[in-house]
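Some notes on the structure that comes next.
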Amino acid sequence: MTEIGFDGRVAIVTGAGGGLGRQHALLMASRGARVVVNDVGGSVHGEGADRGPAQRVADEIAQAGGEAVPDTNSVATAEGGKAIVDHALEAFGQVDIVVNNAGILRDKTFHNLTPELLEPVLDVHLKGAFYVTQPAWVKMREQGYGRVINTTSQSGVLGNFGQANYGAAKMGLVGLTRVLALEGAKYNIKVNAIAPLARTRMTEDLMGDAVEKLRPELVSPVVAWLASQECSVSGEVFTVAAGRVARFFVGMTKGYFNPDLTVEDVADHLSEIRDETGYSVPASAGEETAFLFEMMSRFNAG
Ligand code: NAI
């Protein structure tokens with residue numbers, strides 16, 4: 001197979017001063033992408049700021065013969081998002097790829113969650129993806145090409161104790177991915193998400209020895225493929241860890257239908273409602289609605 005490259009492409013990678021984002025930036029830069037290495041350089045809980053991490057990764061790319069600029073704007077405000085995209089346009093004249101990767105943690109069980117623990121998490125993960133992607137999206141539509149990769153998490157897709165704020169933000173990114181995939185289709189903009197698992201400062205205290213095998217650089221090939229011209233999918237979510245790649249999807253059971261549905265019907269038919277045999281995977285809200293209407297018309301005809 002011909003090697004997948006990024007010659008002529010410009011990528012923004014948020015939170016690229018360390019962990020997963022650094023690996024995504026290094027990999028794409030090593031294959032010809034010009035990269036905006038964005039990172040505020042704060043703590044894992046989102047406190048403080050430091051120009052060092054973004055600068056170091058940009059220097060690392062330059063030393064390896066690549067092209068990169070460091071950027072320390074925060075993704076967590078509309079102004080910050082615009083400034084990051086403006087930086088790409090000033091430095092490189094275009095933007096083709098956005099990898100929304102910046103993230104923080106403020107874990108707490110739900111009954112103890114305060115606005116100070118909720119809002120910054122939503123701001124960085126969920127709203128941050130809006131703030132950075134939207135100004136880039138305008139350019140992507142104009143040029144008829146774009147790739148967006150959002151970073152979701154098992155915590156949202158499957159649930160994780162003590163992460164109501166983080167899980168909700170991460171599942172919000174799945175919704176954003178699905179909608180943007182539909183809106184971007186006619187402009188050759190592909191939007192996908194990854195749910196990674198990797199050893200970074202975010203996870204090193206959580207998983208003990210097993211974490212050693214979860215090298216962050218094993219996540220980046222999936223990001224790079226999704227960011228490439230060769231990417232042939234949109235609106236999908238890939239779980240990626242330690243060299244394994246698989247797809248998460250939303251499946252729908254065949255279900256139970258009764259146009260005069262009662263409360264007791266729900267109780268009596270619960271196993272049929274939940275039965276996974278013959279499930280389908282609707283591609284959009286419209287596809288599910290079409291399925292429902294077809295079932296209704298079959299019922300009326302019968
Ligand atoms: P990390 O803490 O090493 O990297 C996150 C980076 O985002 C940091 O360098 C941080 O300075 C930067 N950042 C935080 N707030 C920012 C802001 N407002 N603007 C710009 N940059 C900001 O952690 P890691 O593990 O590399 O995380 C990367 C992404 O992957 C995050 O979105 C995280 O939630 C997600 N993730 C990671 C998993 C893992 O196993 N490491 C599991 C599931 C999701």
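Taken together, the values in this text are just the output of simple stated rules run on the coordinates, not laboratory data. Since the model is a prediction, treat every value here as computed from it, not as a measurement. Here the Cβ is made from the backbone with ideal geometry for all residues, glycine too, and neighbour counts use every protein chain on show.
Given charges of +1 on the Cβ of Lys and Arg and -1 on the Cβ of Asp and Glu, with all other atoms neutral, how large is the dipole of the stretch 129-210 about its Cα centre, in debye to the nearest 20?
Dipole of the stretch 129-210, to the nearest 20 debye: 380 debye.
Taking the chain as the reference, fit the longest principal axis to its C-alpha atoms, fit the long axis of helix 19-30 to the helix C-alpha atoms, and give the angle between the two in degrees, 0 to 90, nearest 10.
Once rounded, one gets 70 degrees.
I need 269, 45, 111 ordered by Cβ neighbour count within 10 Å, fewest first.
Final ranking by Cβ density, sparse to dense: 111, 45, 269.
Please build a GNM for the chain, connecting alpha carbons under 10 Å apart, and tell me which residue among 283, 169, 58 fluctuates the most.
283
Can you give the net charge of the other residues whose Cβ lies under 11 Å from the Cβ of residue 192, counting K and R as +1 and D and E as -1?
+3
Give, as ranges by residue number, the residues of the stretch 228-264 whose backbone N falls under 17 Å from the point 7 Å along Cα→Cβ of residue 207.
Correct set: 238-248.
When only C-alpha pairs under 8 Å and at least 6 residues apart count, what is the relative contact order of the chain, in percent?
That works out to 14 percent.
Taking the chain as a Gaussian network, Cα atoms linked when under 10 Å apart, which of 23, 229, 63 shows the biggest mean-square fluctuation?
63
Multiply the residue separation of residue 271 and residue 116 by 0.36 nm, subtract the distance between their alpha-carbon atoms, and state the gained length in nm to one decimal.
Gain on stretching residue 271 to residue 116: 51.7 nm.
Can you sort 69, 99, 121 from fewest to most other Cβ atoms within 10 Å of each residue's own Cβ?
69, 121, 99
Hey, got the dipole for the stretch 146-302? About the Cα centre, +1 on K and R Cβ, -1 on D and E Cβ, debye to the nearest 20?
800 debye
Can you tell me the dipole magnitude for the chain around its Cα centre, using point charges on the Cβ only (Lys, Arg +1; Asp, Glu -1), in Debye to the nearest 20?
Charge dipole, the chain, about its Cα centre: 580 debye, nearest 20.
Sort 205, 123, 268 so the one with the fewest other Cβ atoms within 10 Å of its own Cβ comes first.
Final ranking by Cβ density, sparse to dense: 205, 268, 123.
Extension gain residue 294-residue 263, at 0.36 nm per residue separation less the Cα-Cα distance, in nm?
That pair, residue 294 and residue 263, stretches by 8.8 nm at full extension.
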